[in-house]
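Undergrad: Below are the structure tokens for one structure; questions will follow.
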Amino acid sequence: MGSATPLHVVVFPFMAQGHTLPMLDLSKLLACRGLKVTIITTPANFPGIHSKVSKNPEISISVIPFPRVEGPLEGVENTVDLPSEDLRAPFIEAIKKLKEPFEEILRGMFEAGCPPIGVILDFFLGWTLDSCNSFGIPRIVTYGMSALSQAILITSGFHTQYILASLPEDPVQFPELPTPFQVTRADFLHLKHDPRSSLMSSIVQEFT
């Protein structure tokens, strides 16, 4: 009597080293528990991921094409290669075009008779919610940061004007979120008097 087919999980990291590496560690842990893991990434990110998981036969990698982007983002597939931090928000917007190839991967898994029991992905890939719902696949979102850090980030989005009006050394206090330590205006580098920074903040709020 043959062994049962292992359960299958899809892992989809955001294209940034600090977001990808923890998810590769998670993939290895899942594989050690007997699950089949498929990691989805793009061509330029494939070598780095492959070098870290290739020794585990339960982990495979599916490569989807990165959307064609003109201008300063052309050829950039990872935040480490961004020519400027001002392009981080446009980069996150660009990867929303991965929706169709991502759905093609899922569709192919169903057609091959190995649908995933769930998809684990980064919170910056919020557009995957509709895709997973359309296939009836549970979706687990990772943030890559502590619960307290995430709570402070979310709360700061509701007090942007108050924070921006403060001096760098001014303590920042949130009545709804008392912290066991002091934070100052200088700690909120993602909030600037800059429309591009506002775009980044709006993106963070969209996915949190």
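Undergrad: Read through the list (1) closer than 17 Å to Met15 by Cβ; (2) surrounded by 13 or more Cβ atoms within 10 Å (Cβ to Cβ), then give the number of the only condition that Arg185 fails.
TA: (1)
Undergrad: So which of Leu21, Leu7 is at pLDDT below 95, of a type in the set (A, V, I, L, M) and under 21 Å from Phe135 (Cβ atoms)?
TA: Answer to the check: Leu7.
Undergrad: Just one of Pro116, Pro175 is at pLDDT 95 or above and not in a helix (DSSP H, G or I); which is it?
TA: Result of the check over Pro116, Pro175: Pro116.
Undergrad: Looking at the structure I just gave you, is Ile117 under 24 Å from the mean Cα position of the chain (by Cα), over 22 Å from Met15 (Cβ atoms), hydrophobic (A, V, I, L, M, F, W, C) and not assigned by TED's automatic domain parsing to the domain that holds Leu21?
TA: no
Undergrad: Which pairs do you get when a residue that is surrounded by fewer than 12 Cβ atoms within 10 Å (Cβ to Cβ), found in the range 155-179, comes within reach of a residue that is basic (Lys, Arg) and assigned to a helix (DSSP H, G or I), reach meaning Cβ atoms under 9 angstrom, with the pair 6+ apart or on two chains?
TA: Going by the 9 Å Cβ cut-off, the qualifying pairs are Ala165/Arg185; Leu167/Arg185; Pro168/Arg185; Glu169/Arg185; Pro171/Arg185.
Undergrad: Let me ask you something else. Let me spell it out: the conditions are (1) out of contact with any Asp or Glu (no Cβ under 9 Å at 6 or more places or on another chain); (2) surrounded by fewer than 17 Cβ atoms within 10 Å (Cβ to Cβ), and Lys99 meets all of them except one. Which number is the exception?
TA: Status for Lys99: all satisfied but (1).
Undergrad: Here is a follow-up. Tell me, please, whether a residue that is assigned by TED's automatic domain parsing to the domain that holds Ile137 and touching a strand residue (DSSP E or B) at 6+ places or on another chain (Cβ under 7 Å) can be found in the range 95-106.
TA: Yes, that holds for at least one residue.
Undergrad: Every residue in the range 28-44 that is over 22 Å from Arg107 (Cβ atoms) and surrounded by 15 or more Cβ atoms within 10 Å (Cβ to Cβ), please.
TA: Across the range 28-44, the qualifying residues are Lys28, Leu30, Ala31, Ala44.
Undergrad: For the list (1) over 12 Å from Phe12 (Cβ atoms); (2) surrounded by 12 or more Cβ atoms within 10 Å (Cβ to Cβ); (3) assigned by TED's automatic domain parsing to the domain that holds Ile105, I need the number of the one condition that Asn133 fails.
TA: (2)
The values are calculated or read from the model by the stated rules, or taken from the named source; none is laboratory data. Since this is a predicted model, take the numbers as computed values, not measurements. No Cβ is skipped: glycine too gets one built from the backbone with ideal geometry, and neighbour counts run over all protein chains shown.
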